[in-house]
Structure formats: C-alpha cells, structure tokens
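The values are calculated or read from the model by the stated rules, or taken from the named source; none is laboratory data. Computed from a prediction, not measured in an experiment: that's the story for all the values here. Cβ placement follows ideal geometry from the backbone for every residue including glycine, while neighbour counts extend to all protein chains displayed.
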Amino acid sequence: MGSPSPEKSRPSLFWPLAAIVVPLISFLAKIRITGREKLPRDGAFVLAPNHYSEFDPLIVAVAVWRLGRAPRFMAKDSLFRIPVLGWLLRKTGMIPVARTSSASAAKQTMKQSNDLVEHGRGVIVYPEGTLTRDPELWPMRGKSGAVRLALAGDIPLIPMAQWGTQAIMGRYQKGLSVWPPRKPVHVIIGDPVDLSDLKGRSGEQAVLTEATTRLMDAITALLEEARGAKAPAERWNPATHGQKETGRLD
C-alpha cells in the first residue's frame with residue numbers, strides 16, 4: 001500500500017477524531033475494500049459514492065482514512081456558523097457550500113477546485129445530493145456538483161459504491177442496529193471517470209449532463225458488483241416518478 005499521505009501522517013485534528021470514530025465503526029461494521037489502489041496516495045481528488053443511509057458517510061470516511069487519506073466532505077455553509085461545529089469543520093478542511101446564483105456558483109466551484117489542487121486535498125461529494133429515492137436503494141438521477149468540481153480543476157473523479165450499511169441503519173431509520181455487531185460492508189472504488197473529451201467545457205449544460213451520466217453509470221456498475229445483482233434499466237428520477245426532492249445542494 002505504501003506510506004500514508006502527509007495529511008494523515010502529520011498530526012492534525014483528524015487523529016483524535018479517528019481515535020473515537022474508527023473503533024466505533026469497526027465494532028458495527030466489518031469493512032472490506034476493493035480497488036483500494038485506485039484512490040490517489042497524494043494530490044487532489046473528488047470521490048463520489050452512492051448514498052442510501054444517513055450512516056454511510058461514516059463508513060466512507062473510515063474507508064478513506066484507512067486508505068491513507070483524510071476524509072473531507074462538502075457541507076452547507078450554515079453549518080460553519082454553528083459554535084464548536086463550525087470550528088471543527090474549518091479545522092478539518094471541510095468545504096462550505098452556499099446557495100448562489102449561477103455566476104456566483106461558477107466562481108465558488110472554481111475557487112473550491114483551485115483550493116483542492118493547491119493543498120493536494122480530496123473531497124467526498126454525494127452526486128445524488130440526498131438519500132436515493134429508489135425503492136431498491138439503487139443510485140438515482142445524479143446532480144452536477146461533483147462533476148463541476150472535477151472539471152473545473154481537471155481533478156480525478158473517482159466513483160465509489162458501498163453496500164451493507166443498510167443493515168446498520170436503514171434509509172430513514174431511527175437509531176442503529178448494533179446487534180449482531182460487525183455487519184459486513186463492501187466498499188468498491190472504481191477507476192477515475194474519463195472526462196478528457198469534456199475538459200474546458202464545464203460551462204456547457206450538455207457537458208455537465210453527459211459527465212454526470214458517466215459518473216452515475218460508473219457508480220451503478222460498482223454497486224451491481226457489490227450487490228451481485230443487476231440495476232434497473234431506468235434510473236430512478238424523482239421528477240418523473242412523482243417524488244419531491246428535499247432542498248439539497250446541486
């Protein structure tokens with residue numbers, strides 16, 4: 001595997017957080033990681049996982065930490081104004097996101113992308129924007145946030161799928177299922193999505209749509225492998241399936 005990146009080996013606030021979170025998650029889940037060599041050992045990356053449980057960010061964070069990188073997420077800017085929590089988010093390098101106009105959003109994305117490249121950091125972005133509405137927990141229609149960030153800085157866009165977390169905490173479930181402990185969770189990391197033909201065209205809606213489709217196809221294929229099952233031919237779309245999405249960031 002090689003040595004961990006400086007962001008993990010150098011003392012930081014992630015160390016005490018990991019000392020608390022990793023043992024807890026290890027009690028609840030037995031995480032198996034496939035494709036671990038596909039997460040870059042250094043430099044910027046955008047990691048895009050599937051999302052069907054409020055608990056799966058912890059699974060993803062522990063998997064990324066075990067692979068030698070610091071897990072950073074995008075978070076609503078309002079969270080950064082909460083005492084203590086805001087300080088914690090800033091100190092760990094989480095990325096604030098605000099609802100803005102299209103022009104402001106483009107500037108915000110470019111700044112965030114440049115910051116990732118400059119500091120050699122990765123970020124975890126859920127392309128669905130919220131928990132999937134698909135009845136069978138397959139990925140639903142994606143949003144463009146992850147691909148915008150990747151295209152803006154020519155950053156590797158890496159798909160990820162995880163399966164098994166629903167045994168610990170199902171979608172919309174209140175509380176955790178802690179017994180029996182160590183439920184198996186399979187995490188699969190895929191090859192970076194090829195966006196080379198779309199480089200420099202992140203301002204075109206058709207390009208963002210195409211890039212997002214490629215990303216969601218890649219995530220779905222990984223989830224098919226993890227589940228040992230075939231996804232539906234048509235991806236769940238809240239707009240056409242009569243579901244109203246919650247107010248999450250694109």
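Details
- Lone qualifier among Arg227, Arg235 - being surrounded by 16 or more Cβ atoms within 10 Å (Cβ to Cβ), over 19 Å from Val60 (Cα atoms), charged (D, E, K, R) and in contact (Cβ under 8 Å) with a residue 24 or more places away in the chain: Arg235
- Gly164 surrounded by 20 or more Cβ atoms within 10 Å (Cβ to Cβ) and either at pLDDT below 95 or in contact with a His (Cβ under 8 Å, 6 or more places away or on another chain) (or both): yes
- Meets criteria (in contact with a strand residue (DSSP E or B) (Cβ under 7 Å, 6 or more places away or on another chain), surrounded by 21 or more Cβ atoms within 10 Å (Cβ to Cβ) and more than 29 Å from Ile25 (Cβ to Cβ)) for Leu195: yes
- Flag if Ala63 is small (Gly, Ala, Ser), within 13 Å of the chain's Cα centre (by Cα) and under 26 Å from Asp154 (Cβ atoms): yes
- Scope segment 116-138; condition closer than 23 Å to Ala152 by Cβ and touching a strand residue (DSSP E or B) at 6+ places or on another chain (Cβ under 8 Å); matching residues: Leu116, Gly122, Val123, Ile124, Val125, Tyr126, Pro127, Glu128
- Pro96 over 25 Å from Ala239 (Cα atoms), at pLDDT 95 or above and surrounded by fewer than 22 Cβ atoms within 10 Å (Cβ to Cβ): no
- Residue list for segment 173-196, filter: within 19 Å of the chain's Cα centre (by Cα) and in contact (Cβ under 8 Å) with a residue 24 or more places away in the chain: Val185, His186, Val187, Ile188, Ile189, Gly190, Asp191, Pro192, Val193, Leu195
- Only residues that are of a type in the set (A, V, I, L, M), surrounded by 18 or more Cβ atoms within 10 Å (Cβ to Cβ) and more than 21 Å from Ala226 (Cβ to Cβ) were counted in segment 1-51, giving 2.
- Sole residue being of a type outside the set (Ser, Thr, Tyr) and under 25 Å from Leu39 (Cβ atoms), chosen from Pro232, Pro181, Pro192, Pro238: Pro192
- Residue match in segment 215-235 (condition: touching a helix residue (DSSP H, G or I) at 6+ places or on another chain (Cβ under 8 Å), within 28 Å of Arg66 (Cα to Cα) and at pLDDT 95 or above): yes
- In this structure, Pro156 does satisfy being within 29 Å of Met110 (Cβ to Cβ), within 14 Å of the chain's Cα centre (by Cα) and surrounded by fewer than 20 Cβ atoms within 10 Å (Cβ to Cβ).
- Total residues in segment 160-208, condition under 18 Å from Ala63 (Cβ atoms) and part of a helix (DSSP H, G or I): 3
- Segment 126-137, residues that are on the phi < 0 side of the Ramachandran plot and either surrounded by fewer than 23 Cβ atoms within 10 Å (Cβ to Cβ) or charged (D, E, K, R) (or both): Glu128, Thr130, Leu131, Thr132, Arg133, Asp134, Pro135, Glu136
- Of the residues making up segment 26-37, none is assigned to a helix (DSSP H, G or I), more than 23 Å from Leu215 (Cα to Cα) and either under 17 Å from the mean Cα position of the chain (by Cα) or among the β-branched types (Val, Ile, Thr) (or both).
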